[in-house]
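*Asks:* Before I ask anything, let me first share the structure, which is written out below as structure tokens.
The values are calculated or read from the model by the stated rules, or taken from the named source; none is laboratory data. Computed from a predicted structure; not experimentally measured. In this analysis, Cβ positions are derived from the backbone assuming ideal geometry, glycine residues included, and neighbour counts consider all displayed protein chains.
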Amino acid sequence: MVVNPQQSRGGRKVLAFVAAAVVAIGLIIGLRALTSDSGEEAVEAKCTTGDAVKLQVSSSPEKAGVVAEIAKGYSGRTVAGRCVDVLVQSKSSGTAMQALSRGWNEAVDGPRPDVWTPAASGWVNLLRQNLTGSDHPALVPEGEPESVANAPLVVAMPKPMAEALGWPGKGIGWKDLAALATDPQGWAKYGHPEWGKFRLGKTNPNISTSGLNATIGAYYAATGTSSDLTANALAKPEARTFVQNVEQAIVHYGDNTLTFLTNLQKADDRGAAMSYISAVTVEENSLVGYNQGNPTNDPAKRGQHAPPKVPLAGIYPSDGTLNSDHPFTVLNWTDDIRKQVAADFLAHLRGAEAQQKFSDIGFRTFDGKPGSQTTKENGAEPDSKLNLIRPPSPPVLTEVLKSWKDLRKKANVLLVVDVSGSMGDGVSGTGKNKMDLAKQAAVASLPQFSDADKVGLWMFSTKLDGDKDYVELRPVSPIGGEPGRQELASRLNGLTPQNGTGLYDSSLAAYQFMKQRLDPNAINAVVVLTDGRNEDPGGIDLPNLVGQLRTEGGGEAVRLFTIAYGSDADLNVLKEIAETTQGVGYDSSKPDSIDQVFTAVISNF
């Protein structure tokens, strides 16, 4: 999912085959969707004539805000004698790719796009591969789409930690990070025992562009190669050990980097930035946005939050990094007038005024030049000559992702599912109730767990076991293969709605249960799915719950990941519960989105 803007056309062609390899891996791990959506950007239509033309654009979330801002200024102009409006929908690259592969259902996916601009051209090639031999016609034109912006991968590290490693004068690479990750002294080796162990935030490479880029970079460093990787090089024990060492420093994975940056900002606000993570792999624009106090990189939020007390320094791995372009793809189902509008809007996006807006939030220009905010003051290194590497060949990438599944940090997870009466409510248009859809989503996510992962299951309501609001259905223990998955699936499929919602007592009990069973070599977590609000007046209240969900620095903490399921769930409370433990709250207010959301949640492990 990576594109080097200076890569040859021949090198670009590799991506089509890389995409095929990723398709194969995606089938192996059983992903149903790649990440969750961010919603539609509000752009007021300016045209009032009856023959006005609306151009629908689907943009990856990290740039959707600026694309919408540019679209607002562009809308109202005349193209081919017609007034035009450009409307922007924010949708993650993977989710959009899956929706396009299915033919795009507007009832589920939102307005059908005329233009798709994902994070990298690899997603376009992946769509081509998904549609090959299918009943759907080709959706993207032949050839290479044009870029609207660029962003290389960096390892973002709290500045004092980067300085302890010798930044900015010393080149720092994956080898340095792997050595630090495995050193029993941790940061004490560099004179800072108070920082504890080295802790890394990295997204899931089967889902996220930055996570895939970081994994590829680590494998290049592991094998010591400066050209194409080979399957033989990947199989060497020393290479596998190297990558496993990097992975053992992981706090948790995830579907996007915003989780890490948002939690880091909250920790920084409390004066505890150094206790959350030591580093996080992100694209350069996210580094800049964080240091400006705007980790979402939304232009509308610029200036709303002060810059961090402890800024991040961008480390460009000396042993190789990768770059993501942001292609502008006009889909083949777009009619001729909208194709003319799209061409005009693309020219506008690549114009000086629009490119300045991209630069203002940390992107490099469409031709790869550092922008006005890609500065040392914002943690970037605009003048450095990047050691850019390209993706491996298709068979080798397949082996990279297969190997990563074996070498990644293991999970120690408790699933806690609401079985209150409201889970029996029907979901319009599906013929199923909320419980049915939740069980379906949970069962579909089970292939994401490896045989060595430990997974347990509780159900909760009110007074299910005397005064207890929860019951254990499967102990936290290794999956152990297909029999373990089938057992979990059977337990999930047996859930039935009953009673009220004992959310607070059950969440606290699950948290304390996992703290007592904490595995220092695993990602320790609780996943809580609920469609309601706490309905246990005799139980603990929210302030006491939050007070006991002590935020712990370091990778050996228990984190809560909450899912607000349906419109009646209290999303704000569930986010507060999750963020208190440096986890994340997920929004599944539309019950028919639970498949995508559950997959995104499990991607953390």
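*Asks:* Could you tell me how many of the residues in the stretch 199-249 are farther than 23 Å from Gln448 by Cα, touching a Phe, Trp or Tyr at 6+ places or on another chain (Cβ under 7 Å) and part of a loop (DSSP other than H, G, I, E, B)?
*Replies:* Going through the stretch 199-249 one residue at a time, the tally reaches 1.
*Asks:* What's the total number of residues in the stretch 111-124 that are assigned to a loop (DSSP other than H, G, I, E, B) and touching a Ser or Thr at 6+ places or on another chain (Cβ under 8 Å)?
*Replies:* 5
Matching residues to (1) at pLDDT below 90; (2) touching a Ser or Thr at 6+ places or on another chain (Cβ under 8 Å); (3) surrounded by fewer than 24 Cβ atoms within 10 Å (Cβ to Cβ); (4) under 29 Å from Thr259 (Cβ atoms):
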{"residue": "Leu126", "(1), (2), (3), (4)": "yes, no, no, yes"}
{"residue": "Val155", "(1), (2), (3), (4)": "no, yes, no, yes"}
{"residue": "Trp167", "(1), (2), (3), (4)": "no, no, yes, yes"}
{"residue": "Thr209", "(1), (2), (3), (4)": "yes, yes, no, yes"}
{"residue": "Gly217", "(1), (2), (3), (4)": "yes, yes, no, yes"}
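*Asks:* Scanning the stretch 61-99 for residues that are of a type in the set (Asp, Glu) and either part of a helix (DSSP H, G or I) or crowded, with 24+ Cβ neighbours inside 10 Å (or both), which turns out modelled with the lowest pLDDT?
*Replies:* Across the stretch 61-99, the extreme among qualifying residues is Glu62.
*Asks:* Among the residues of the stretch 388-447, count how many are under 23 Å from the mean Cα position of the chain (by Cα), at pLDDT below 90 and not in a helix (DSSP H, G or I).
*Replies:* Counting residues in the stretch 388-447 that are under 23 Å from the mean Cα position of the chain (by Cα), at pLDDT below 90 and not in a helix (DSSP H, G or I) gives 5.
*Asks:* State all residues of the stretch 473-506 that are over 21 Å from Pro447 (Cβ atoms) and surrounded by 14 or more Cβ atoms within 10 Å (Cβ to Cβ); if no residue qualifies, say none.
*Replies:* Pro497, Gln498, Asn499, Gly500, Thr501, Gly502, Leu503, Tyr504, Asp505, Ser506
*Asks:* Considering every residue within the stretch 319-328, establish whether at least one is surrounded by 18 or more Cβ atoms within 10 Å (Cβ to Cβ), touching an Asp or Glu at 6+ places or on another chain (Cβ under 6 Å) and among the charged types (D, E, K, R).
*Replies:* Checking the stretch 319-328: not a single residue is surrounded by 18 or more Cβ atoms within 10 Å (Cβ to Cβ), touching an Asp or Glu at 6+ places or on another chain (Cβ under 6 Å) and among the charged types (D, E, K, R).
*Asks:* Something else: Taking the residues in the stretch 347-368 that are buried (at least 19 other Cβ atoms within 10 Å of the Cβ) and of a type in the set (A, V, I, L, M, F, W, C) as candidates, determine which candidate is nearest to Gly81 (Cα to Cα).
*Replies:* Leu349
*Asks:* From the residues in the stretch 448-492 that are under 18 Å from Ser420 (Cβ atoms) and in a helix (DSSP H, G or I), which one is farthest from the chain's Cα centre (by Cα)? I'd like the intermediate steps shown before the answer.
*Replies:* Pass one, the stretch 448-492, residues under 18 Å from Ser420 (Cβ atoms): 457-473, 491-492.
Those still in the list that are in a helix (DSSP H, G or I) too: 491-492.
Details: Arg491: 29, Leu492: 26 Å.
Restricting to residues being under 18 Å from Ser420 (Cβ atoms) and in a helix (DSSP H, G or I), the top hit is Arg491.
*Asks:* Is it true that Leu508 is in contact (Cβ under 8 Å) with a residue 60 or more places away in the chain and not in a strand (DSSP E or B)?
*Replies:* no
*Asks:* Restricting attention to the stretch 42-60, and to residues there that are touching a Cys at 6+ places or on another chain (Cβ under 9 Å) and over 26 Å from Trp123 (Cα atoms), which single residue is modelled with the highest pLDDT?
*Replies:* Here the answer is Val53.
*Asks:* Kindly list the number of the only condition in (1) modelled with pLDDT under 95; (2) part of a loop (DSSP other than H, G, I, E, B) that fails for Val310.
*Replies:* Going through (1) modelled with pLDDT under 95; (2) part of a loop (DSSP other than H, G, I, E, B) one by one, Val310 breaks only (1).
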